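A.B. asks: Before I ask anything, here is the structure I am working with.
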Amino acid sequence: MSDVRYPFTAIVGMPDLRLGLLLNAVSPAVGGVLVRGEKGTAKSTMVRALAGLLPTLAAVDGCRFACDPAAPDPQCPDGPHDRPSASERPAQLVELPVGVAEDRIVGSLDLERALAEGVKAYEPGLLAKAHRGVLYIDEVNLLQDHVVDLLLDAAAMGRSYVEREGVSVRHAARFLLVGTMNPEEGELRPQLLDRFGLTVEIAATRDPAERAEVVRRRLGYDADPAGFAARFAADEQALAERITAARELLPKVELTDVALRQITAVCAAFEVDGLRADIVMARTAVALAAWDGRTEVLEEDVRKAAQLALPHRRRRNPFDAPGLDEEQLDRTLEEHAQPEEPEEPSGPSESEGLGGSGEAEGDGDGEGDGPEDDGPGPDGGPGGGPDGGGAPEPASGPEASAAEPDEPLQQPVPAQHPAPARESAPVAAGDPYRTKLFTVRGTGHGAQGRRSPAETTGGHTVRARRPQGALSRLHLTATLQAAAPHQAARGRAGRALVLRKDDFREQVRQGRESNLVLFVVDASGSMAARQRMTAVKGAVLSLLMDAYQRRDKIGMITFRGADAELTLPPTSSVEVGAARLESLPTGGRTPLAAGLLRAHEVLRVERLRDPSRRPLLVVVTDGRATGGRDALARSQRAAGLFAAQGTASVVLDCESGPVRLGLARTLAGLLGGTAVSLDELRPEGVASLVRENRQDSRRENRRDNRATTMRKAA
C-alpha cells in the first residue's frame with residue numbers, strides 16, 4: 001500500500017461530505033461529523049485525505065501529548081513545561097480499530113509499579129495521540145456503546161480522564177472527530193447520534209459518466225500514486241490555504257440576532273431534544289460564513305447548518321429513518337427572517353413606552369420549547385393502545401377459527417385446503433409495547449449489553465481471581481489478603497508492603513451481555529387471519545424493540561409454503577428487521593421443521609463466527625406443522641436438536657379461537673424452552689396472571705384452614 005495519500009481534491013462528487021469535513025477542519029468546536037453510507041463510497045479515503053490538508057502545528061519537544069508551546073496544558077502528565085523548546089509537525093491522523101479496548105483508548109497505568117514502587121507509570125492512549133489532530137473511527141456503529149460514549153465525552157470536554165484504583169491522570173484531548181458507518185450493519189442509538197455535531201448521508205452516484213471518472217482516477221492513482229498526487233498538488237495547496245484563512249477569520253464572524261433567532265426557531269419547530277442542536281447549528285453557521293470569506297451569518301448559512309446538524313436528531317424511536325422536511329425548514333426560516341423590534345403592541349396602550357413588546361413577541365415565538373418536554377411521547381409502548389389483536393374487532397374470532405381447520409395436525413386434506421399457496425397481502429403490524437424480559441440461563445462472557453447475566457468489564461464486583469493476562473482491574477482487598485501472610489518471611493521493614501507478582505488479584509465483575517436473538521416466524525396460512533397477524537407482527541415488533549434496547553444482534557427466518565427463508569441474516573440493524581417484518585406476506589402450508597432446521601444451521605455458523613455471543617431462539621407459531629409426510633414428527637425431531645445443545649428458546653404461542661390444541665406449548669417443551677401467549681408477553685398480562693395465581697393460592701389456603709378448623713372441632 002502506498003504512503004502517498006489520495007488527494008482530497010481528486011475525489012469526485014459528495015459535496016455534502018466534503019463540506020462537512022472542511023467545516024470541522026475550520027472549527028473543530030462544531031463537534032465532528034458522522035458519515036452514513038453504503039460500502040464502497042470512499043468514506044475512508046476522503047477522511048484520510050483531509051488530514052493532509054490540515055495546517056502543521058507547533059508541539060513541545062519530548063511531550064507525548066503534543067502540548068502547544070504557546071499555551072501548554074498545566075495538567076499534562078509530562079509537564080510542567082517551563083520555557084519549552086518546540087518544533088513543527090503535521091497533524092496526526094489516528095484510526096481507531098473496531099475491536100479496541102477501553103485501556104487502549106484512554107491509556108493505561110502499570111498498577112504493579114504503582115503499588116510496588118509508588119510511581120505513576122502511565123502509557124498514553126489513542127486520545128493523547130489524536131490531540132490537535134484527527135480521530136477517525138471506521139464502523140463506529142460496531143463499537144461497544146460505552147466505548148463510543150467515552151470517545152464522545154472526550155471530544156465534547158476536550159479532556160481525557162483516567163482513573164485507576166485511586167490514581168488519576170488527565171490530559172488535553174481536542175481533536176477533529178470523524179465517524180463512518182454503514183446503516184445496514186446497525187444504527188447508533190439516538191443519544192449517541194446526538195453527540196456528533198453533523199451527519200452526512202452519502203451513496204454512490206448513479207451517473208455513468210461520473211462513475212467512469214471515479215474509476216479512471218482510482219486506476220491512475222493505483223498505477224502511479226506520486227504522479228497522480230502531483231497533478232492535484234496545486235489544488236491541494238489552495239484548499240489548505242483556504243482552511244487556514246477561514247480559521248483566522250472565524251473569530252471575526254458575527255452571529256446576528258436574526259440568524260440566532262432563526263436557528264432557535266428551527267430547532268424548536270423540529271422538536272429536537274435539548275439545546276445541543278442549537279449550539280451546533282450556531283457554530284456550523286459561523287464556520288460556513290468564515291469558509292465563504294464573510295464576517296456575517298446569512299440565512300443561507302442557517303439553512304445549510306440545519307441540513308447538516310438536524311437530520312440525525314429527528315429520530316423519535318429506533319425504527320425512524322433520519323431526515324428533514326425541507327418545506328417546513330424554509331417556512332420556519334421565512335417566518336423568522338425579520339428582526340423583533342418592528343412588531344407593534346396590540347390591545348390597550350398601557351404598555352406604551354415600556355419597550356417590552358418585542359420581548360413578549362419573542363417569547364411567544366419560543367412556544368416550540370414546549371414540545372421538547374413531550375419527547376418521551378413516541379416510545380410507542382405506553383398508553384392504552386393494544387397491539388391490534390384485541391377484542392374490538394368482532395370478526396377476528398370467526399376469521400381465526402375459519403383459518404385453523406385448513407391446517408390439520410398431519411397431512412392436510414386436499415379438498416379442504418385452498419388452492420396452492422395463495423399468499424395474502426402484507427398486514428401492518430400493531431403498535432409496539434414493552435415486553436417481558438427473556439434471558440439466557442447461566443453466566444456468559446459476551447459483549448456488554450442489557451439482557452443476560454455475564455462476566456463483563458463493567459457491572460459490580462462479585463469475586464477476585466489471579467490475573468488472566470495483563471492486570472487491568474486490581475482487586476485491592478484480595479491483593480492485600482494474599483500478600484499479608486508472607487510479610488515476615490519477605491523481611492518487611494517499615495510500613496510499605498512487600499508485594500510479589502503472585503499476590504496480585506483482579507476483579508471479576510458481573511453485568512449483562514447482549515445476545516443473538518433469532519426469530520423464527522410462521523408466515524403460513526394458519527397465521528393469515530388479518531387481525532391475528534396484526535397482533536402477531538405487533539408482538540414481534542415489540543420484541544425487536546426490546547432487542548434494540550438491550551443491544552442484541554437479531555436475525556429472522558420465516559417459513560411458509562414449501563420451505564424456510566433467511567429473511568434477515570444476523571445483524572445489529574433492527575431497523576432492517578422491522579422493515580422486513582412489515583412487508584412479510586402470508587399464506588400456504590406450514591413447514592415448521594424446515595424453519596427449525598434452518599435456524600439450527602444459522603446458529604451453528606454464528607457460533608463459529610462469534611463463540612462468546614450466546615443465542616436466544618424465539619419461535620413465533622401456533623405449533624401446527626403441515627407439508628409432506630410426518631410433518632409434525634419431523635418438527636419435533638428438529639426441536640430436539642436445540643434441546644440437546646441447551647439453546648435457550650421461547651415459543652410465542654399464536655394459537656387462537658375457542659378450540660386450542662396446545663401444539664405450541666408442546667413444541668416449547670421439546671425445545672426445552674418457555675411458551676408465552678400473546679397476552680402473557682405484555683408486562684400487564686404477566687402481572688394479572690401472577691395476581692390470579694396469588695388469589696387462587698389464598699382461596700386454597702382459606703379452604704385448607706377451614707377444613708383443618710372443622711376437623712379439630714370435630
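A.B. asks: Give me, ordered by chain and number, the residues 5 or more places off residue 159 or on other chains with an amide H under 5 Å from its own placed amide H.
C.D. replies: 173
A.B. asks: Which whole-number percentage describes the relative contact order of the stretch 427-493, with Cα contacts under 8 Å and a sequence gap of 6 or more?
C.D. replies: In percent, rounded to a whole number, it is 16.
A.B. asks: May I ask you to rank 146, 171 by accessible area, largest first, using a 1.4 Å probe over the protein chains only?
C.D. replies: Most to least solvent-accessible, the answer reads 146, 171.
A.B. asks: Further question: Given a 1.4 angstrom probe, I'd like the percentage of the accessible area of the stretch 546-588 that is carbon and sulfur, rounded to a whole number.
C.D. replies: Taking all protein chains in place, the stretch 546-588 shows 48 percent carbon and sulfur surface.
A.B. asks: Also, I was wondering about something else. Amide H of residue 674: which non-local residues (sequence gap of 5 or more, or other chain) have their own amide H closer than 5 Å, using H built in the peptide plane?
C.D. replies: HN-HN under 5 Å from residue 674: 649, 650, 651.
A.B. asks: What whole number of Å gives the distance from the Cα centroid of the stretch 595-623 to the Cα centroid of the stretch 1-57?
C.D. replies: 40 Å
A.B. asks: Something else now. With every protein chain left in place, what is the accessible area per residue of the stretch 570-636 in square angstrom, probe 1.4 Å?
C.D. replies: Ligands and nucleic acids excluded, the result is 37 Å² per residue.
A.B. asks: Which of 252/304; 129/304; 39/252; 43/537; 43/553; 43/129 have a Cα-Cα distance over 28 Å?
C.D. replies: Correct reply: 129/304; 39/252; 43/537.
A.B. asks: Same structure again: Tell me the net charge near residue 56. Cut-off is 9 Å between Cβ atoms, residue 56 excluded, with +1 for each Lys or Arg and -1 for each Asp or Glu.
C.D. replies: That works out to 0.
A.B. asks: Got a sec to turn the phi values of the stretch 554-559 into Karplus ³J(HN,Hα) couplings, 6.51 cos²θ - 1.76 cosθ + 1.60 with θ = phi - 60°, whole Hz, x for Gly and Pro?
C.D. replies: These are the phi-based 3J(HN,Hα) values: 10, x, 9, 10, 10, 9 Hz.
A.B. asks: Determine the share of the stretch 600-666's accessible area contributed by carbon and sulfur atoms, expressed in whole percent, with a 1.4 angstrom probe.
C.D. replies: The value for the stretch 600-666 is 54 percent carbon and sulfur by accessible area.
A.B. asks: Under the rule of at least 5 residues apart or a separate chain, name every residue whose amide H is placed under 5 Å from the amide H of residue 12.
C.D. replies: Those qualifying (amide H under 5 Å, at least 5 residues apart or on another chain) number zero.
A.B. asks: Which shape class, rounded, prolate or oblate, goes with the stretch 622-664 when its Cα gyration tensor gives a ≥ b ≥ c as root eigenvalues, a/c under 1.5 marks rounded, and past that a/b bigger than b/c marks prolate?
C.D. replies: Oblate is the answer for the stretch 622-664, as a/c is 1.5 or above yet b/c matches or exceeds a/b.
A.B. asks: Leaving out ligands and nucleic acids, note down the accessible area per residue over the stretch 1-55 with a 1.4 angstrom probe, in whole Å².
C.D. replies: 33 Å²
The values are calculated or read from the model by the stated rules, or taken from the named source; none is laboratory data. A quick note: this is a predicted structure, and the numbers were derived from the prediction, not measured. Here the Cβ is made from the backbone with ideal geometry for all residues, glycine too, and neighbour counts use every protein chain on show. When the accessible area is computed, the model is the full protein with side chains, heavy atoms only, and any ligands, DNA or RNA have been set aside. Shrake-Rupley method; radii C 1.70, N 1.55, O 1.52, S 1.80 Å.
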